[in-house]
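Heads up: the structure comes next, in structure tokens.
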Amino acid sequence: MGRRGSQRKKQSVTDKAAAKPLRDGNPKSMVIRIGAGQVGSSVSQLVTDVRQVMEPDTASRLKERRANKLKDYTTMCGPLGVSHLLLFSRSESGNTNLRMARTPRGPTLNFRVDKYSLCKDIAKAQKHPRVADDYRTAPLLVMNGFVTLETEREKMGDAAPPKHLEKLTVDMFQGLFPPIQPHTQPLHTIKRVLLLNREPPSEENGTCTISLRHYAITTKVTGIPKPLRRLYAAEKLIASKEKKKSALPNLGGLEDMADYMLDPSAAGYTSASDTELETDAEVEVAAPATRKVLSKKERQRATAGENGRKAMSRGSRPKVEKRAVKLIELGPRMKLRLTKVEEDICSGKVLWHEFVSKSKAEVKELDEVWDKRKKEKEERRRIQKENIERKRKERGDKGEDAEDDEDEDMEDYDDYDLDDDVWHDEDAEDQQSEEDEEDDE
């Protein structure tokens with residue numbers, strides 16, 4: 001009998017590229033629903049859309065459960081190399097909240113999602129919706145208005161947002177995506193753009209309100225007459241398998257090719273956009289072109305010839321063409337209002353709060369409380385480390401196995417509260433409860 005399952009499976013280029021591990025250093029994220037069955041269908045679809053925006057360095061097929069807690073996700077961030085967490089939740093009053101946390105030490109930005117539109121809503125509002133088919137590269141991040149000018153800061157006075165808050169917000173959003181190298185990264189690999197626009201501070205918008213938009217980048221060649229572009233498109237259509245006769249110009253009723261070049265509408269129906277002037281932004285890019293690779297002898301002959309240098313310089317110059325850039329919205333849309341900044345992952349010292357203001361004396365008192373907590377935590381770790389070393393030394397003297405050593409070390413970790421969940425302070429609890437009430441309102 002022949003052996004079963006011994007045949008090799010051929011992989012395509014796409015499968016091999018997908019099987020390659022991601023490069024180290026790229027930020028990775030997880031978009032999570034807190035309370036999977038309680039947020040509702042709209043927020044669940046919003047989470048799916050945001051995961052699509054964050055691709056490819058995100059957990060796009062993550063499945064949450066009702067029993068999952070925040071600690072379950074933070075525990076797996078280290079082994080999986082996750083650097084950011086985006087947590088969507090819904091409060092009892094019906095507000096949709098977004099918490100953006102950096103692992104493993106924070107900080108955490110708390111946003112209130114004032115308004116949002118799903119990808120399907122954006123597609124329904126468009127006449128010709130487009131679905132982006134390339135999510136293998138991260139989107140280009142464009143941020144506007146995140147730094148307040150000094151002149152505006154003087155006019156606003158005490159209402160001006162803190163400088164450290166603006167810098168922290170910029171660093172958090174920039175850390176979500178890998179940095180690009182404009183001189184080395186090919187332009188054709190950038191297929192999407194994520195726009196973040198900060199609205200001017202006001203009573204209605206608050207201190208920091210951000211509008212989020214997600215677009216697909218499309219380009220087309222310009223500088224060529226439209227009749228020639230239609231003929232070039234018709235040539236491509238004929239070579240393809242699709243046969244759309246309505247897209248082909250009808251030249252049967254014309255006596256000369258010049259009639260079509262001078263009047264494109266004579267070859268059939270043309271839309272109003274064909275006759276209007278193009279107003280899209282134009283950029284000059286190097287067109288991809290195949291070049292002949294010369295051998296060593298051919299290069300020597302070209303160098304020795306009189307016009308060899310001209311030929312080589314002419315062949316080495318990249319072909320530059322003009323292209324019109326157009327953005328097509330993919331969705332989702334979100335209007336985010338920053339309400340609170342925390343030092344740790346969804347906990348810890350409150351660095352800034354929009355609705356709660358403290359005096360200098362109160363801030364000093366809270367700083368002393370948090371310093372005391374840190375000292376207590378360091379003391380517990382020191383005691384824990386001493387106990388582990390002492391027990392290891394005792395086992396080494398007795399000659400016990402290493403496996404029992406590891407098991408008992410894990411028991412030592414359970415004896416002490418490293419997450420600082422048991423240690424509370426009454427003043428800090430009262431402050432946290434007041435802030436949560438303000439956020440829900």
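What do you reckon, is A233 of a type in the set (G, A, S) and open to solvent by 50 Å² or more (accessible area, probe 1.4 Å)?
Numbers: of a type in the set (G, A, S): yes; open to solvent by 50 Å² or more (accessible area, probe 1.4 Å): yes.
Taking the combined requirement at face value, the residue satisfies it.
To keep it simple, each residue is scored yes or no on (1) assigned to a helix (DSSP H, G or I); (2) open to solvent by 70 Å² or more (accessible area, probe 1.4 Å); (3) more than 20 Å from R337 (Cβ to Cβ).
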{"residue": "G157", "(1), (2), (3)": "yes, no, yes"}
{"residue": "H164", "(1), (2), (3)": "yes, yes, no"}
{"residue": "M172", "(1), (2), (3)": "yes, no, no"}
{"residue": "L176", "(1), (2), (3)": "no, no, no"}
{"residue": "T184", "(1), (2), (3)": "no, yes, yes"}
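Under the condition of being of a type in the set (D, E, K, R) and in contact with a Ser or Thr (Cβ under 9 Å, 6 or more places away or on another chain), the residues counted in region 155-183 number 2.
Taken over region 54-86, residues that are open to solvent by 50 Å² or more (accessible area, probe 1.4 Å) and assigned to a loop (DSSP other than H, G, I, E, B) amount to 8. Candidates V341, V293, V356, V350: the one that is over 23 Å from I210 (Cα atoms), of a type in the set (A, V, I, L, M, F, W, C) and modelled with pLDDT of 60 or more is V293.
For every residue, the table says whether it meets (1) closer than 23 Å to N26 by Cα; (2) in the same structural domain as S29 (by the TED database); (3) touching a residue at least 60 places away in the same chain (Cβ under 8 Å); (4) more than 17 Å from the chain's Cα centre (by Cα).
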position	(1), (2), (3), (4)
T58	yes, yes, no, no
A67	no, yes, no, yes
T75	yes, yes, no, yes
E92	no, yes, yes, yes
G106	yes, yes, yes, yes
D114	no, yes, yes, yes
A125	no, yes, no, yes
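When the residues of region 195-223 are narrowed to those that are closer than 17 Å to L338 by Cβ and outside any strand (DSSP E or B), which ends up least open to solvent (accessible area, probe 1.4 Å)?
Among them, the one singled out is C208.
Which of the residues that make up region 357-389 are open to solvent by less than 50 Å² (accessible area, probe 1.4 Å) and either in the same structural domain as F111 (by the TED database) or farther than 20 Å from E343 by Cα (or both)? Correct list: R380, Q384, N387, I388.
Would you point out the residue of region 77-90, among those that are farther than 19 Å from K340 by Cβ and in contact (Cβ under 8 Å) with a residue 24 or more places away in the chain, that is farthest from the chain's Cα centre (by Cα)? It comes out as G78.
Residue count for region 29-53 under the criterion of being modelled with pLDDT of 90 or more and surrounded by 14 or more Cβ atoms within 10 Å (Cβ to Cβ): the result is 16.
The values are calculated or read from the model by the stated rules, or taken from the named source; none is laboratory data. What you are looking at is a predicted structure, and each value in this text was computed from that prediction instead of being measured. Note: ideal-geometry Cβ built from the backbone for every residue, glycine included; neighbour counts use all protein chains shown. Note: accessible area is taken over every heavy atom of the protein model, side chains too, but ligands, DNA and RNA are not part of it. Shrake-Rupley method; radii C 1.70, N 1.55, O 1.52, S 1.80 Å.
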